[in-house]
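A short worksheet on the structure shown next.
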């Protein structure tokens with residue numbers, strides 16, 4: 001991290017005079033980085049205690065640095081899982097609230113914030129405030145998805161779910177193009193709690209948007225019968241930064257072709273390891289090093305439902321016209337907008353891209369944002385590193401209200417991040 | 001196991017307490033800050049500790065309070081069988097050289113007070129036929145070294161005391177386990193550049209717990225530090241005088 005990161009078990013002490021807190025640093029852009037003029041951040045990961053767990057109400061209260069890995073290590077063996085999980089379990093509760101994370105079940109479960117009961121914050125004037133739907137509800141709505149800018153998140157109280165087994169029943173299906181993909185996502189959403197898909201971003205023309213659709217649910221006790229509790233899996237590691245050649249057009253073309261073609265039969269069904277289903281990214285340690293020295297960024301946007309498949313196709317065309325800018329995309333249908341004022345999802349199609357950083361990345365993001373703006377969509381701040389302030393303002397009609405609440409609690413903008421300087425125009 | 005831990009709210013002590021809780025053993029926590037102890041107690045209960053995890057105030061700076069704290073633990077656990085001390089003070093050599101009053105506090109806490117606490121605990125364990133006394137010393141006490149002269153001296157004295165205890169009382173059922181961590185990445189060493197072989201609290205706790213179960217008198221953690229210290233012990237003085245560590 002550029003600047004200094006302070007670590008302590010004592011979050012109250014740690015957050016006394018820093019502009020931003022950060023957890024496991026998995027947001028892809030500058031969301032957890034401090035502003036350039038005050039290069040110091042509070043790392044919350046040592047503040048990782050459970051404060052209570054009530055199996056009756058399925059409610060956990062814990063310190064903000066507890067990660068989903070830590071949470072599930074204790075509670076999944078007893079049959080509990082978070083109601084909403086992103087594609088990595090290396091996320092802290094503080095990060096989950098700040099980014100109002102979403103996952104494969106967004107169409108039925110909404111965002112993480114939908115299941116948060118209260119958040120305890122150290123606000124800018126130093127006070128410790130607990131907010132919820134009932135108490136300080138404005139602060140609560142601004143904090144859910146507020147990228148840690150309304151106060152340092154100290155504690156989170158949230159609901160869990162009981163699962164029928166720790167295993168997943170998964171179906172995957174080969175889908176030939178984007179129109180078929182959107183229809184298949186729609187159909188799957190009616191019967192399955194979890195859906196998402198991988199799209200081959202190199203395929204163009206008639207097979208543009210081809211890929212693999214995945215739908216899943218917790219396996220029933222009968223389906224998981226005879227299986228022991230899933231052991232943590234061996235994680236191969238990328239040992240060092242790979243040359244950029246490793247993820248170049250021809251190699252990935254071959255990889256994507258293989259990934260698509262080897263999916264035989266067209267529909268597969270079976271019980272799979274929960275990590276393979278929820279956390280495919282965590283299966284390879286330091287996978288980001290595959291992207292070489294200059295690394296990668298992510299880009300995730302949502303194209304509103306009203307834009308239909310035409311809107312999604314138009315977006316993919318901007319992308320595939322620049323062959324090889326991104327190799328794989330994750331596609332997912334989003335359900336209703338949550339209560340978080342800056343929360344990302346809205347009803348529509350979310351598309352997430354890994355983009356290798358190249359000289360023209362800014363131009364690419366500008367072009368993609370132009371498309372998203374034209375369709376009335378928006379981008380996900382937790383993954384953003386290149387969106388311009390003027391674009392973001394146009395995407396976010398809710399921004400003014402969020403700023404009003406934020407400034408009521410922090411008139412001097414003591415809480416800032418590198419991202420808030422870039423995207424919200426905060427003083428550096 | 002019915003374990004009493006002094007220093008379970010932070011760092012290696014926290015990691016060790018969690019591993020003990022995860023196997024369903026009973027715990028009682030001693031420390032300086034009651035509110036903080038209560039939070040750790042709830043954490044350990046969620047993680048599987050048996051029954052309620054009790055707490056009591058106990059400050060190494062104040063040996064007059066040891067008896068009361070140990071009484072509270074004895075009552076809550078119905079006679080503990082394992083006493084673990086991970087608490088201690090640390091500061092860099094530069095800071096200690098510049099601050100005589102903190103040096104006095106550190107020497108007192110790490111040596112005098114820790115030993116007084118162990119004496120009280122040992123008497124109780126021996127009176128009930130034995131048990132395990134686990135104390136976290138440090139590789140810093142293995143040899144006089146430039147970067148850890150004062151801290152190392154306090155730990156050298158502590159290690160010598162623990163070795164003596166082990167020789168004298170093992171036959172009577174008191175197992176003494178001296179854990180010697182190398183550099184471990186915790187809040188105690190926050191801000192210091194980690195040297196090669198720097199360890200993680202969870203790994204050190206795992207090694208310590210294994211040693212506690214087996215009653216191993218001395219254990220280095222991470223294990224590579226046994227080898228590193230062997231080399232350092234064998235270095236002639238004229239070499240030690242020249243090297244930086």
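Computed from the coordinates by the stated procedures, all read-outs in this text should not be read as laboratory data. Since the model is a prediction, treat every value here as computed from it, not as a measurement. Counting neighbours? That spans all protein chains shown, and the Cβs are built from the backbone with ideal geometry, glycine included.
Helix B:149-169 versus the longest principal axis of chain B: what angle, 0 to 90°, nearest 10, using Cα atoms? With rounding to tens, the tilt is 50 degrees. Working from the pairwise distances between different alpha carbons, so that the mean of 1/r is found and then inverted, what is region B:69-156's Kirkwood radius in Å? Taking the inverse mean of 1/r over all distinct Cα pairs, region B:69-156 comes out at 14.3 Å.
Translational diffusion of region A:168-389 was estimated from the Stokes-Einstein equation, with Rh taken as the Kirkwood radius over Cα pairs; at 10 °C and 1.306 mPa s the coefficient is 86 µm²/s.
Using alpha-carbon pairs under 8 Å, 6+ residues apart, how would you state the relative contact order of region B:1-145 in percent?
24 percent
With bins 5 Å wide beginning at 0, the percent of Cα pairs of region A:129-209 falling in each bin runs 3, 10, 15, 11, 8, 10, 14, 15, 10, 4, 1. Across peptide A:47-56, the average count of Cβ atoms from other chains found within 10 Å of a residue's Cβ is 4. GNM remark for chain B: springs join alpha carbons under 10 Å apart, and the peak mean-square fluctuation among B:114, B:82, B:52 falls on B:52. Working note: Cα gyration tensor of region A:246-287, eigenvalues times five, square-rooted, sorted largest first, giving semi-axes of 22, 19, 5 Å. Taking other C-beta atoms within 10 angstrom as a stand-in for reagent exposure, B:187, B:79, B:138 fall in the order B:79, B:187, B:138, fewest first. Listing A:390, A:157 from fewest to most neighbouring C-beta atoms within 10 Å gives A:390, A:157. Using a Gaussian network for chain A with springs between C-alpha atoms less than 10 Å apart, which of these wobbles most: A:76, A:11, A:66? Judging by the Gaussian network model, the answer is A:76.
Expressed in Å, the radius of gyration and Dmax of the Cα atoms of region A:281-428 are 16.1, 46. Once the C-beta distance of residue B:241 and residue A:276 is scaled by a Förster radius of 45 Å, the resulting FRET efficiency is 0.20 to the nearest 0.05.
Just need log10 I(q)/I(0) for region A:205-328 at q = 0.10, 0.19 Å⁻¹, Debye formula, equal scatterers on the alpha-carbon atoms, no solvent, rounded to two decimals. For the requested q values the scattering log ratios are -0.48, -1.34.
Here is the P(r) of region A:31-176: all C-alpha pair distances, binned every 10 Å from 0, give 11, 41, 32, 12, 4, 0 in whole percents.
Based on other C-beta atoms within 10 Å, arrange B:178, A:111, B:118 from fewest to most.
B:118, B:178, A:111
Spacing of the modelled spin labels on residue A:408 and residue A:251, each 7 Å from Cα toward Cβ, amounts to 5.3 nm.
One compactness figure for the protein assembly as shown is 1.05, namely its Cα radius of gyration divided by 2.2 N^0.38 Å. Between residue B:94 and residue A:360, the FRET efficiency estimated from the beta carbon spacing at R0 = 41 angstrom works out to 0.25. Which of A:329, A:188, A:221 ends up with the largest GNM mean-square fluctuation for chain A, with Cα atoms connected below 10 Å? Maximum among the listed residues: A:221.
Could you give the length gained by full extension between residue A:337 and residue A:229, i.e. 0.36 nm per residue of separation minus their alpha carbon distance, to one decimal place?
35.4 nm
Put simply, region A:13-114 fits an ellipsoid with semi-axes of 26, 17, 11 Å; these come from the alpha carbon gyration tensor as the roots of five times its eigenvalues, largest first.
Taking 0.36 nm per residue of separation and subtracting the current Cα-Cα distance, fully stretching the chain between residue B:102 and residue B:33 would add 22.9 nm.
Using every pair of separate Cα atoms, the Kirkwood estimate puts the hydrodynamic radius of region B:49-115 at 13.8 angstrom.
Once the chain from residue A:40 to residue A:261 is taken as fully extended at 0.36 nm per residue, the excess over their C-alpha distance is 74.7 nm. Relative to the longest principal axis of the Cα atoms of chain B, the long axis of helix B:201-214 lies at roughly 70 degrees.
Helix B:114-127 axis versus longest C-alpha principal axis of chain B: approximately 40°, rounded to the nearest ten. Using the Cβ-Cβ distance between residue A:321 and residue A:389 with R0 set to 35 Å, the FRET efficiency works out to roughly 0.85. Give me the one-decimal Kirkwood hydrodynamic radius in Å for chain B, with the sum taken over alpha-carbon pairs. One over the average 1/r among Cα pairs gives 18.2 Å for chain B. Peptide B:42-48 has a mean of 6 when you count, residue by residue, the C-beta atoms of other protein chains within 10 Å of its C-beta.
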